[in-house]
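The values are calculated or read from the model by the stated rules, or taken from the named source; none is laboratory data. In this text, all values refer to a predicted model and were calculated from it rather than measured experimentally. With ideal geometry, Cβ positions are generated from the backbone for all residues, glycine too; neighbour counts draw on all protein chains shown. We work out accessible area using only protein heavy atoms, side chains counted, and drop any ligands, DNA or RNA first. Shrake-Rupley method; radii C 1.70, N 1.55, O 1.52, S 1.80 Å.
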Amino acid sequence: MTFDKPKMAIVGAGIGGLTLALSLLKSGYHVDVYEQAAELLELGAGVQLAPNGTRILRHLGLEDALLAGGAVEAAGKEVRIWNTGETWPLFDLGEDSVRRFGAPYWMIHRGDLHRELLSAVVKLAPGSVHTSHRLASFDQSGDGVTLHFANGVSVQADLMIGADGVHSVVRNALVGERKAEFTGIVAWRGMAPMNAIPESLRRNVGTNWIGPGGHCITYPVRGERLMNFVGLVERSDWVKESWVEEGTIEECQADFKEWHPHVHAIIENAGTPFRWALLQRSPLEKWTVGRVTLLGDACHPTLPFLAQGAIMALEDGIVLTRCLDAFEGDFEKAFDRYEQLRLPRTSAIVNGSRANIERFHNPLLAYHAAAVNYVETEWQPEKVRQRYDWLFEYDAMQVAI
Ligand code: FAD
């Protein structure tokens, strides 16, 4: 490309901000990333990377580093009934994922993904990630954007992207604060050392335990040395949307009273669990104003019930880079096309995740015969394909710009 590439400022060095930075750097843009945290610390949580996400990470040249750094190529996923532990295959992954979707399905520790993204960015552009820079405000004119940070520093850029997560200050400034509704669901998370849990659980599969009013997701990460646990339960007394709030093992156990001993074996070994309240927000109608646009959770925060939140941020990064390249610096056209391409898909994912609450927590699951019948009906292979194939088939590198 020969056009004068705009100087890009990205707010937020999360998974989305770093993916965009890497993609832009590879396309020859000048990029600075501003992160509020003093240190980029590891959050103890897992991320499932479906083929629409791993395809991007491969494209960015990260496959070897991620596999060496602990990404687990999952053999499959299964559904289990909360109290009896009866099991149904959800889908095969491994070779089957590569054959059907052209890319594998990985399960990874968020810290491992974040570390590899950061290291790739810093390798290409040393000094481009600025920690201790919390964006306080910004203003834009015909010439550019000025970012003002809480530490007193101000900088200028041609274009700015708010990748500052669910509580985005950039989004609030662009389109106003978004009303969040409590779903009535609280999530627990933790990780158990694989060698501490029963041998029959030490398998390379993702499991979705479904029950009346709750569900649990477990899958291996970090080279199968840790079992990631997320337990979601309907209760109305905890409404804090935070990733760093500790609870107690006893309280987590009480929330899954009467669930299968395998669920309890993981909870007991997962150390002090963290908990947060799940809030939902309706999709935005628009997320660009002038020289500023948004990406990732800042513009389409979602419930985690399709495991696509981080992947949407990866897709955004690639599509935004391709739009900027395709319109050769005409940022208005590029941002417009980016929004046009990403809004319908991300809104469908946000709405689809919400629809899964009822599916995963159905009251029928309380009654054994009804539960078996329910799983056999709802998780029929054809229905599963309808729910997931459109997600996994999406190729951000090929979408027509
Ligand atoms: P974040 O990762 O939140 O990053 C935002 C960054 O911006 C942070 O580093 C923050 O410190 C920084 N920041 C914020 N404000 C400022 C400011 N004012 N100035 C400077 N910096 C700022 N997704 C999947 O794809 N698969 C899964 O299996 C999956 N499982 C999930 C399970 C759970 C329980 C949850 C809650 C989410 C899950 N997700 C999953 C979703 C995924 O984690 C998020 O969608 C993803 O992290 C969003 O990335 P992001 O970069 O947009 O935001």
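Figures for the structure shown
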quantity	calculated
Candidates ALA13, ALA68, ALA163, ranked by Gaussian network fluctuation over the chain, Cα under 10 Å, top entry	ALA68
For the range 9-84 versus the range 203-240, the gap between their alpha-carbon centres in whole angstrom	20
LEU57, LEU226, ranked by accessible area, largest first (probe 1.4 Å)	LEU226, LEU57
Estimated translational D of the range 76-142 in µm²/s (Stokes, Kirkwood radius over Cα pairs; 4 °C; 1.567 mPa s)	77
Dipole-positive endmost among LEU40, LEU20, MET194 within the chain (Cβ charges, Cα centre)	LEU20
Cross-link reach list, aspartates and glutamates versus LYS383, counting only Cα pairs under 17 Å and skipping chain neighbours closer than eight places	GLU78, ASP92, GLU358, GLU393
Qualifying GluC sites (Glu not before Pro) in the range 8-49, DSSP loop, other Cβ atoms within 10 Å at most 13	GLU39, GLU42
Full-stretch length increase - GLU39, GLN156 - with 0.36 nm per residue and alpha-carbon distance subtracted	39.8 nm
Given charges at beta-carbon only (K, R positive; D, E negative), |dipole| of the range 220-288 in Debye	320
Per-bin percent of Cα-Cα distances, the range 288-349 [5 Å]	4, 20, 30, 23, 13, 7, 3, 0
Range of Cα positions in the range 179-265 per principal axis (Å), largest first	41, 27, 21
Cα-based Kirkwood hydrodynamic radius, the range 246-401, one decimal, Å	18.5
The range 7-133 - Debye-derived log10 I(q)/I(0), Cα point model, q = 0.09, 0.10, 0.11, 0.20 Å⁻¹	-0.32, -0.38, -0.46, -1.10
GNM flexibility winner over the chain from ASN172, ASN204, ASN351 (Cα, springs under 10 Å)	ASN172
Relative contact order (%) - criterion: Cα under 8 Å, at least six apart; region: the chain	21
Net dipole in debye of the range 253-341 [+1 Lys, Arg Cβ; -1 Asp, Glu Cβ; about Cα centre; nearest 20]	200
Candidates ALA37, ALA74, ALA307: whichever shows maximal mean-square fluctuation once the chain is modelled as a Gaussian network with Cα springs under 10 Å	ALA37
Nearest-ten-degree value, helix 331-360 long axis tilted from longest Cα axis of the chain	10
Kirkwood hydrodynamic radius (C-alpha pairs) into Stokes-Einstein, the chain, 37 °C and 0.692 mPa s, D in µm²/s	151
Equivalent ellipsoid semi-axes - Cα gyration tensor, the range 137-205, angstrom	43, 18, 11
CD proxy at 222 nm, helix term only [per DSSP H run n ≥ 4: -39500 (n - 2.57); per residue of the chain; nearest 500]	-11000 deg cm²/dmol
Relative contact order (%) - the range 19-155, alpha-carbon pairs under 8 angstrom, separation at least six	33
Ordering of 149-155, 210-216, 104-110 by packing [mean C-beta count within 10 Å, highest first]	104-110, 210-216, 149-155
